[in-house]
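Peer 1: The following block contains the structure, expressed as structure tokens.
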Amino acid sequence: MTTTTPDWTALAASVQYPTELLIEGEWSAGSTRYEVVSPIDGRIVTEVAMADASDVDRAVASARAAFEDRRWAGMAPADRKDVMVRWAHLVNDHADELAVLTALEMGKPAREAKAIDVRACHRTLRWFGESIDKVLDEMPKVGDSSWAMVEREPAGVVGAVTPWNFPLTLETWKIAPALAVGCSMVLKPAENAPLTALYVAQLALEAGLPDGVLNVVNGLGSVAGAALAGHMDVDIITFTGSTATGRAIMTAAAQSNMKRPYLELGGKGANLVFPDADLDAAAAAAAWAITYNAGQMCTAGARLIVHESVKEEVLTKVLEAMAAAQPANPLEDDAPIGAVASARQLDAIHGIVVEGLGQGGRLLMGGEPVLTETGGSYYPPTVVDGLQPDSLLAQKEVFGPVLTVLPFSSDDEAVRIGNATDYGLASAVWTNDLSRARRVSKALRMGTVWVNCYEEGDLTVPFGGVKQSGFGSDKSLHAMDKFTDLKTTWIELP
Ligand code: NAD
């Protein structure tokens, strides 16, 4: 990856990328086309092919054929590893293009897309690629007269439906483990963020991934996504997105061929700040956790649950840090935060803020769209205090830079508020008391709890939720298990 900073605006004007569907290793026109609109300025970036159900059928048939003839699953593991590692390096070689496409399609600063999303894509492909020839099957001890083998077989054709907030990262979290175990795939990227997916798929072909192993069908969730979720010849559907769509996907899976669904859904994360914590560090992290990616993170620290004795001190520091995180053009290298992903997302964020404030509370910062003269979609850091834990803004996922402040007076109350949503994705505990850190983190019903940090982790640890945040973690070796079936072969020796 180059460490130099390109002229992002110039690159945005010159970058080349595919705009068709990828089926059987060929770029294929869809039934129709649709416009990709940039949230930077509301301009049309390009038109891409849009898949309908018949295009999804073609893509699934291609993935099925690739799976059945074992052109990928049957390749020597070391050779499959080489393809994926080569692909990872190509991602690095094209980091600037991928970063600028991310900025164009969903509005995050290109600088951040390069540092975080492209790096995650590279590392994920490399990590799972390198795992391919290191994961072993089992041979239990069953006595002298028999052999038993427990093998992990690739599960078949995997459908993946992904969102726009970290398009590269979240697609690769599905693609890399599924392909590493030998499955074939059909990816349906978010309708407003297909360009990075198509670019990465193009690099896969260049790296030597056989035709048909990875197919990409851009299109609407209600059409292409639904066709994939309800398809009779897809074995697994893996999804990241909203809880409402997750419910529809689970229903479609059950009503079709009972394919296995894996769902990474919404969240309402929190920073729980205790009086004995490093308050500077806690406040800085709390401000970052709700402004990073313009708050469009399933793990966003959307609630500041802070002990009443330090509330004013922490809040002052949080407001100061958030005030510095104002939106700007994502192609400017020093943009603190970028645009929100679309005009629709902007309306959704503002609608929840207005409705939430209708229940009371004090608006301490933000609360209105900004930079409207650009034609883009920008929402400023927004902080609301004085609401109850069961209020709309303390419960509903906003998916924008909107922080709700909730005081507590005891550890039990902090845990109660922390757990009092339908979600269970991730939260952080801030304390220098190790016993409290352990007690509180254990009591929080979350897939991930960070102690004295936010959003830390690497590929070795699983990422997923409990409750209505879903099930079936991405990342770590556990992610490979998801895309396999256990098969027992029992051999009776003569
Ligand atoms: P979304 O659910 O609207 O869309 C996600 C994907 O699902 C898109 O590709 C969309 O086209 C598709 N889709 C929509 N309707 C569908 C249907 N009926 N059948 C099949 N597919 C359909 O979500 P979004 O607005 O793109 O993303 C934001 C949501 O994603 C938030 O709720 C956020 O918390 C969640 N998210 C979760 C994680 C996680 O790991 N848990 C990570 C990022 C985002």
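Peer 1: Whenever you get a sec, line up E355, E35, E455 from highest to lowest accessible area (probe 1.4 Å, protein heavy atoms).
Peer 2: My answer, sorted largest first, is E355, E35, E455.
Peer 1: Now a separate question. Which of the residue pairs K141/K259; K188/K259; K108/K188; K259/K467 have a Cα-Cα distance greater than 24 Å in the structure shown?
Peer 2: With Cα atoms farther than 24 Å apart: K141/K259.
Peer 1: While we're looking at this one, here's another question. To the nearest 10 Å², what's D7's accessible area with a 1.4 Å probe?
Peer 2: The accessible area of D7 comes to roughly 100 Å².
Peer 1: Calculate the tail of P(r) for segment 270-458: the fraction of all Cα-Cα distances greater than 30 Å, expressed in %.
Peer 2: For segment 270-458, the fraction of Cα-Cα distances above 30 Å is 15 percent.
Peer 1: Amide H of G301 versus every other amide H placed in the peptide plane: which residues, excluding those fewer than 5 positions away on the same chain, fall under 5 Å?
Peer 2: I290
Peer 1: Apply the Karplus curve 6.51 cos²θ - 1.76 cosθ + 1.60, θ = phi - 60°, to the phi angles in segment 306-322 and return the couplings in whole Hz, x for Gly and Pro.
Peer 2: 10, 4, 4, 5, 10, 4, 5, 4, 5, 4, 4, 5, 5, 4, 5, 5, 5
Peer 1: Further, regarding this structure: Rounded to the nearest 10 Å², what accessible area does T372 have for a 1.4 Å probe in the complete protein model?
Peer 2: 100 Å²
Peer 1: Based on DSSP H runs of at least 4 residues, each adding -39500 (n - 2.57), what is the mean residue ellipticity at 222 nm of the chain after dividing by all its residues, to the nearest 500 deg cm²/dmol?
Peer 2: Helices in the chain give a 222 nm mean residue ellipticity of -11000 deg cm²/dmol.
Peer 1: Please give the contour-minus-distance gain from R43 to T4: 0.36 nm per residue of separation, less the Cα-Cα distance, rounded to one decimal in nm.
Peer 2: Extra length available between R43 and T4 comes to 11.3 nm.
Peer 1: Please get the size of the charge dipole for segment 270-458, origin at its Cα centre, with Cβ charges of +1 on Lys and Arg and -1 on Asp and Glu, quoted in debye to the nearest 20.
Peer 2: 580 debye
Peer 1: Right, here's the next one. What order do M297, M365 take when sorted by accessible area (1.4 Å probe), most exposed first?
Peer 2: M365, M297
Peer 1: Same structure again: Would you mind putting 66-74, 170-178 in packing order, based on average other-beta-carbon counts within 10 Å, highest first?
Peer 2: The packing order, highest mean first, is 170-178, 66-74.
Peer 1: At 7 Å along Cα-to-Cβ for each site, give me the label-to-label distance between A13 and S242 in nm.
Peer 2: Between A13 and S242, the label points sit 3.7 nm apart.
Peer 1: How high is the FRET efficiency between E26 and H89 when r is their beta carbon distance and R₀ equals 25 Å, given to the nearest 0.05?
Peer 2: After rounding, the FRET efficiency stands at 0.55.
Peer 1: Then there is this: Under 23 Å Cα to Cα from K311, which lysines show up? Leave out anything in the same chain fewer than 8 places away.
Peer 2: K268, K396
Peer 1: Diagonalise the Cα gyration tensor of segment 38-153 and give the resulting equivalent ellipsoid semi-axes, square root of 5 times each eigenvalue, largest first, whole Å.
Peer 2: 39, 21, 12
Peer 1: What nm distance separates the two modelled labels at T489 and D433, each placed 7 Å from Cα along Cα→Cβ?
Peer 2: Spacing of the two 7 Å Cα→Cβ label points: 5.8 nm.
Peer 1: When the accessible area of segment 270-458 is computed with all protein chains present and a 1.4 Å probe, what percentage of it is carbon and sulfur?
Peer 2: 49 percent
Peer 1: Assuming R0 = 30 Å, what is the FRET efficiency of L136 and S222, from their Cβ-Cβ distance, to the nearest 0.05?
Peer 2: 0.10
Peer 1: Assuming R0 = 60 Å, can you tell me the calculated FRET efficiency for the pair D278 and D144, based on Cβ-Cβ distance, to the nearest 0.05?
Peer 2: 0.50
Peer 1: Just the C-alpha atoms of the chain: what Rg/Rh do they give, with Rh taken as the Kirkwood radius?
Peer 2: So for the chain, dividing Rg by the Kirkwood Rh gives 0.99.
Peer 1: OK, next. Please calculate how many Å² of accessible area segment 270-458 carries per residue, with a 1.4 Å probe and no DNA, RNA or ligand atoms counted.
Peer 2: Per-residue accessible area for segment 270-458 comes out at 39 Å².
Peer 1: With each label point set 7 Å from Cα along the Cα-Cβ vector, what nm distance links A323 and R71?
Peer 2: 6.0 nm
Peer 1: Give me the 1.4 Å probe accessible area per residue for segment 1-157, excluding ligands and nucleic acids, in Å².
Peer 2: 45 Å²
The values are calculated or read from the model by the stated rules, or taken from the named source; none is laboratory data. Note that this is a predicted model, so its numbers are computed, not measured. Glycine also receives a Cβ, built like all others from the backbone with ideal geometry; neighbour counts cover every protein chain displayed. The accessibility values were calculated without ligands, DNA or RNA, using every heavy atom of the protein model including side chains. Shrake-Rupley method; radii C 1.70, N 1.55, O 1.52, S 1.80 Å.
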